[in-house]
Structure formats: C-alpha cells, structure tokens
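Asker: Got a structure for you, written out below as structure tokens; questions coming shortly.
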Protein chains: 2
Amino acid sequence: MDKKVNVLSGDCAKKLRAIDDTMYILSGKWKMPIIARLCYGSMRYSELLKSIAGISGKMLSRELKELETNNLIEKEVWRSESMSVRYRLSEHGQTLKILTDSIADWGINHRMQIMEKW
Amino acid sequence: MDKKVNVLSGDCAKKLRAIDDTMYILSGKWKMPIIARLCYGSMRYSELLKSIAGISGKMLSRELKELETNNLIEKEVWRSESMSVRYRLSEHGQTLKILTDSIADWGINHRMQIMEKW
DNA sequence: CTGAATCCTGCCAGATACTG
DNA sequence: CAGTATCTGGCAGGATTCAG
C-alpha cells in the first residue's frame, strides 16, 4: 500500500523549487555584493562602482537593471548640473535583509570552523 | 571630532566579507541544488544526476569535489559487484540546512509577492 | 555622472569517448 | 556505476569609446 517514500517528493520538491527561484533571482557574480551594500542605505552608481572591487561599469548597470526589473531595488534620478542616481532597496527588496543576514551569519560561522582546524 | 560616518565601514565591512565568503563557497550554478537535495539525506551520484535537471556528469563531479574539499559533504564508497558512492552532508555541512531554509523561505515569499501583482 | 554600444577574449561547460 | 580526458563553441564579462 504505502509506496516507498521518495526522499525527493512532496514538501521537498516545493523547497527545491523555492531555492531555484531564489538562486535564479540572485544568480550572477555581483547581485549579492550589490544587495549587501544597499542593505545599509541608498548608494550612487559611482559609489557602488568604487565599493565593489573588481566590478566593471557594464556589469554594474546590467545587474542593477535586472534587480530593478525584479522589483528588488528602485532608482531615483536627480538632475542638477551633473547627473546623480541613487539606488535603494524597494519595499519588497527589504526582505532581502533577513536573507543577507543569514548568509553573512553562515559565512562568519564557516570561517570560525575553518580556523579551528589550524 | 566625529568624522562623517561612512555607511560602509565597521561592522558593515565584516558583514560584506562574510557574504563574500559564503558566496565564494556556494558560487556556481549547481552548488545550491546539490546541497538542497543532500539536506534530505544521502544520495548516490546517479540519483543526483537524475534529480538535478540539466546538470552534466562533469559538472556534478566537479561541484561535488569542491564541496568535499570545503568539508561540506562526505562521500562513502561501496564496492560490491557494481560500484556505489553515496554523498551526504558532513557534520559541518549540516549548518547549511538553516541557510537553505532561509533561502527557500525567501523564494516562497518572493513568489507570493509576484503573484499579488497579477 | 550615468550609463549604452561595440569589440574582443578566456574560460565555462556541453558532448563524446574512455577507464576502473 | 562513478567518474576522467579531450576537444570545442558560445557566451560572460573586461576594456574602451560614445552619448545624454
């Protein structure tokens, strides 16, 4: 009667899909570094460019655009004599703070584990 | 006296580094899908291969090797008439369960947010 | 300053064949 | 079954230039 339970059925499949969803949104080399910084407040394009070591202008604008498309960040344009654009987490994007905290916590814990070995 | 506080100094830098650490370990297209499955128990190479849509044998073994190098998973080899290898989360790798839960939760929540728009 | 467009390159990863 | 080796095309992403 009871068919052997597949370890990957039921709730599990839902979780796997959810993880795929998240990773799809956050995939790419620079999404997390960008988001992590915006967790602390809005930043200008040039500030992000300076802050994120190694990123190119092309990649920064590409990734920002994707994040904006997914409603995770918002941009605000100021036109004075020289243009200024600020990026910030959207209301929905604020939910990423919890996630980045989890990720950061794991990183800190992992680093401690590594240290103990030496 | 009080220098203007840089939004990206202090604890913040620590968090940014921690996120970089985590993402470095978990970077790559297939790390999370693999880990997510191993959260539910050990699996054979061929089971993972079937379970993860789109992954090639080369990538699977490569990513498994990296995860093993980072002490997140362990492999167990059985030699009967035909070889069998099972992969499981290591003790330290178990800490990834919490992280994957956070990631899955965010994915579920995000999907709901998207739905509401329509 | 904030990008978009173009060109160019390395390496990522798929396909295939082979091994223990 | 559980991988490795080799070969190859495509594309991610860097550098540079142009535009608003």
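The values are calculated or read from the model by the stated rules, or taken from the named source; none is laboratory data. Quick caveat, the model's predicted, so the values are computed rather than measured. Ideal geometry is used to build each Cβ from the backbone, glycine not excepted, and the neighbour counts take in all protein chains shown. The protein model used for the area step is the full one, side chains on, heavy atoms only, and it has no ligands, DNA or RNA in it. Shrake-Rupley method; radii C 1.70, N 1.55, O 1.52, S 1.80 Å.
Asker: Please list, in order, the residues from region B:14-37 whose amide nitrogen is less than 16 Å from a point placed 7 Å along the Cα→Cβ vector of A:Met115.
Answerer: Residues B:14-19, B:21-22 qualify, since their backbone N sits under 16 Å from the label point.
Asker: What do you get for Rg/Rh of the protein assembly as shown when both radii come from the Cα atoms and Rh is the Kirkwood radius? Display every interim value, and only then the final one.
Answerer: On the way: Rg = 20.2 Å, Rh = 19.6 Å.
Across the protein assembly as shown, the Cα-based Rg/Rh ratio is 1.03.
Asker: Given a 1.4 Å probe and no ligands, DNA or RNA in the count, how much accessible surface is buried by A and B, both sides, to the nearest 100 Å²? Mind showing how you got there, number by number?
Answerer: Values: alone 9260 and 9250 Å², together 14680 Å².
Protein heavy atoms only, the A-B interface buries about 3800 Å².
Asker: Give me the 1.4 Å probe accessible area per residue for the protein assembly as shown, excluding ligands and nucleic acids, in Å².
Answerer: 62
Asker: A follow-up question, please. Indicate the residues belonging to region B:102-118 that lose 50 Å² or more of solvent-accessible heavy-atom surface (probe 1.4 Å) upon moving from the chain alone to the assembly of all protein chains, ignoring ligands and nucleic acids.
Answerer: B:Ile103, B:Trp106, B:His110, B:Arg111
Asker: Any idea which of B:Gln94, A:Thr95, B:Leu49 is furthest toward the positive side of the dipole for the protein assembly as shown, if Lys and Arg beta-carbons carry +1 and Asp and Glu beta-carbons -1?
Answerer: Sorting the options by dipole projection puts first B:Leu49.
Asker: Hey, quick one: spin label on A:Ile98, modelled 7 Å out along Cα-Cβ, who in region B:70-106 has an amide N within reach, i.e. under 18 Å?
Answerer: Those under the cut-off are B:97-106.
Asker: Could you work out the local net charge near B:Asp21, counting Lys and Arg as +1, Asp and Glu as -1, over the other residues with Cβ closer than 13 Å to its Cβ? Mind dumping the intermediate values first?
Answerer: Working: positive: A:Arg111, B:Lys14, B:Lys15, B:Arg17; negative: A:Asp105, B:Asp20.
Residues near B:Asp21 contribute +2 overall.
Asker: Sticking with this structure for a sec: Given a 1.4 angstrom probe, I'd like the percentage of the accessible area of the protein assembly as shown that is carbon and sulfur, rounded to a whole number.
Answerer: 53
Asker: Report the rotationally averaged projected area of region A:18-64 based on its alpha-carbon convex hull, in square nanometres.
Answerer: Averaging across all directions leaves 3.4 nm² for the Cα convex hull.
Asker: Next question. Would you compute, from DSSP H runs of 4+ residues alone, the mean residue ellipticity of the protein assembly as shown at 222 nm, taking -39500 (n - 2.57) per run and dividing by the full residue count, rounded to the nearest 500?
Answerer: Mean residue ellipticity at 222 nm (helix-derived): -17500 deg cm²/dmol.
Asker: Kindly provide the pair-distance distribution of region A:26-118 built from C-alpha pairs, with 10 Å bins from 0 and whole-percent values in order of increasing distance.
Answerer: 15, 44, 27, 11, 3, 0
Asker: Ignore the peptide's own chain and count Cβ atoms of other chains within 10 Å of each Cβ in A:32-41; give me the average, rounded. Before the final figure, lay out each step's value.
Answerer: Working: counts 7, 4, 0, 1, 9, 6, 0, 4, 8, 3.
Other-chain Cβ atoms within 10 Å of each residue's Cβ, averaged: 4.
Asker: So how much slack lies between A:Arg62 and A:Ser27, counting 0.36 nm per residue of separation and subtracting their Cα-Cα distance, in nm?
Answerer: Full-extension gain reported as 11.3 nm.
Asker: Mind checking the dipole of chain B: about its Cα centre, +1 per Lys or Arg Cβ, -1 per Asp or Glu Cβ, Debye to the nearest 20?
Answerer: Roughly 300 debye, rounded to the nearest 20.
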